[in-house]
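Let me begin by presenting the structure, written as structure tokens, before commenting on it.
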Amino acid sequence: MSTATPISPTVADPTAVPEQATGQAAATETRPLTTADRCDVCGAQAYLRVVLASGELLFCAHHGHAHRDALERQALFIQDESDRLTRSNESD
């Protein structure tokens, strides 16, 4: 007869703040969008980050601007970096 060793539950750190509980301040923090950030509609490089109450969406410039009116009504924060597409190289 084998005896099972009881598994002790993991106790969460009471001082740790869950990622989702950081509030609206974290939602409005900008972070640079990189080539790894892809549009949730078509997979192109994302230039807009839209933070909603339910999460975050990334859009290419085309889809972000096409749906901008609807997104502005629902978004907590919109980060638009689409000006990078037309900005000339500042080091020239």
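Please treat every number below as a calculation from the coordinates, not as lab data. Just so you know, these numbers come straight off a predicted model, no measurement behind them. Cβ sites come from the backbone with ideal geometry, for glycine too, and all protein chains shown count toward neighbours.
With a Förster radius of 22 Å, plug the Cβ-Cβ distance of T34 and L76 into 1/(1 + (r/R0)^6) and report the FRET value to the nearest 0.05.
Step by step, r from the Cβ atoms, then E = 0.50.
Amide H neighbours of C60 under 5 Å, counting only residues 5+ apart in sequence or on other chains, H built in-plane at 1.01 Å?
Amide H neighbours of C60, under 5 Å, 5+ apart: C39, D40, V41, C42, Y47.
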